[in-house]
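First the structure, in the form of structure tokens, and then the observations on it.
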Amino acid sequence: MSTLSPVSPAPVERKKITTLALRQKKERGEKIAMLTAYDYPTALALDRAGIDSILVGDSLGMVVLGYENTLPVTMDEMIHHCRAVARGSKSALLIGDMPFLSYQVSAQEAVRNAGRFLQQGGMDAVKLEGGRERLEAVRLIVGAGIPVMGHLGLTPQSVHMLGGFRPQGRTAASAGRLLEDALLLEEAGCFSLVLESVPARLAELVSKRLSIPTMGIGAGLGCDGQVLVLHDLLGLFDRFTPKFARQYAHLNAVMRNAFDEFIADVQAGRFPGEEHSVEMAEEEWESLLQELDHKEAKPQKN
Ligand code: KIV
């Protein structure tokens with residue numbers, strides 16, 4: 001049997017975290033914690049733990065749906081998982097990640113798809129990848145009243161353009177361009193930016209130059225907050241662990257132990273135990289046996 005200690009009780013109700021609250025945290029120098037989630041129980045646990053923000057990332061495609069990368073993820077898949085997360089979380093700021101081709105084709109389509117995240121998915125905001133080439137889409141989405149988080153550096157939807165999942169902004173030219181993009185996205189109305197897999201000192205510089213909070217993933221301590229993919233943090237994704245992820249648990253091993261124990265218990269007849277079985281009152285049982293005796297002693301006519 002598992003010896004895990006019980007989950008701690010739900011904390012006192014928290015106020016709903018807004019995009020403004022994140023900005024105020026930056027102003028006060030308080031770090032922001034964000035994790036991804038894709039389902040109801042995880043969202044519930046994260047919310048109870050006091051996470052500031054939950055990102056329903058399109059990393060869904062890799063860590064939950066088993067795709068090779070994030071490119072096959074569809075709007076319908078994202079909305080399905082956003083709805084589950086929204087049912088589990090009361091306080092965290094909920095951000096839905098716009099999947100590949102949901103905002104690149106036209107700015108109008110981008111607004112319609114961003115709207116679906118709020119209207120159908122129960123999200124508070126959306127995230128999209130890219131810099132100066134996304135400004136029109138960002139302006140229109142923000143103009144429709146939908147908060148937008150930007151994403152610079154390693155942008156997984158451009159994996160084929162980038163030549164793989166590799167760090168970005170390591171030359172003076174590409175670092176300068178990234179800083180310019182960050183400033184342009186802020187000006188276009190983004191409320192926050194993810195900086196993924198960029199040199200720590202570049203991320204710190206960008207964070208200092210922006211008034212909006214930056215969320216780092218593989219971008220060092222100088223960002224205003226940190227985000228990780230939940231499955232990397234829990235040790236649930238075993239294809240690979242990015243160099244920048246810290247594993248806080250090894251749930252793959254925990255799951256494997258539980259499955260091994262279950263299979264062994266079933267094979268040995270140790271499960272289910274009496275405590276897992278449904279009772280039947282003695283007189284009802286006796287009555288059934290009598291009924292059966294009676295029927296068997298008096299064969300039915302066809
Ligand atoms: O999809 C995702 O989970 C993300 C995070 C890595 C920021 O974009």
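Sites counted here are GluC sites (Glu not before Pro) in a DSSP loop (not H, G, I, E or B) having no more than 15 other Cβ atoms within 10 Å; the longest part of the chain that contains none of them is 69-278.
Here the contact order of the chain, divided by its residue count and restricted to Cα pairs under 8 Å and six or more residues apart, works out to 14 percent. The calculated FRET efficiency for the pair Val105 and Leu183, based on their C-beta separation and a Förster distance of 22 Å, comes to about 0.30.
Rounded to the nearest 0.05, the FRET efficiency derived from the C-beta distance between Arg246 and Ala173 at R0 = 30 Å is 0.45. Ellipsoid fit via the Cα gyration tensor, segment 146-302: semi-axes of 63, 19, 15 Å, each the root of five times an eigenvalue, largest first.
Over all directions, average the projected area of the Cα convex hull of segment 149-205 and note it in nm². Kindly include the intermediate steps, with their values, before the conclusion.
Working: hull surface 15.2 nm².
Computed as one quarter of the Cα hull surface, the answer is 3.8 nm².
According to the Kirkwood relation over distinct C-alpha pairs, the hydrodynamic radius of segment 1-131 is 15.6 Å.
In this structure, the amide hydrogen of Val194, modeled 1.01 Å from its nitrogen in the peptide plane, lies closer than 5 angstrom to those of Gly150, His151, Leu152, Met215, counting only residues at least 5 positions away or on a different chain. To put it simply, the accessible area of segment 11-100 at a 1.4 Å probe is 56 percent carbon and sulfur.
The dipole here belongs to the chain: it is taken about the Cα centre, uses +1 on the Cβ of Lys and Arg and -1 on the Cβ of Asp and Glu, and is about 1840 debye.
Based on alpha-carbon atoms, the Kirkwood radius and the radius of gyration of segment 85-169 give Rg/Rh equal to 1.00.
Think of a 1.4 Å ball rolled over the protein heavy atoms: the chain then has 57 Å² of accessible area per residue.
The orientation-averaged projected area of the convex hull spanned by the Cα atoms of the chain comes to 24.1 nm². Report the FRET efficiency, 1/(1 + (r/R0)^6), for Leu205 and Gln120, where r is their Cβ-Cβ distance and R0 is 45 Å, rounded to 0.05. Calculated transfer efficiency: 0.70.
What are the trypsin sites (Lys or Arg not before Pro) within segment 115-192 that DSSP puts in a loop, where the Cβ has at most 15 other Cβ atoms within 10 Å? Here the sparse-neighbourhood loop sites are Arg170.
The values are calculated or read from the model by the stated rules, or taken from the named source; none is laboratory data. Bear in mind the structure is a predicted one, so any value in this text is a computation, not a measurement. All Cβ positions, glycine included, derive from the backbone under ideal geometry; neighbour counts span all protein chains shown. Quick note on the areas: whole protein, heavy atoms, side chains included, nothing else; ligands and nucleic acids left out. Shrake-Rupley method; radii C 1.70, N 1.55, O 1.52, S 1.80 Å.
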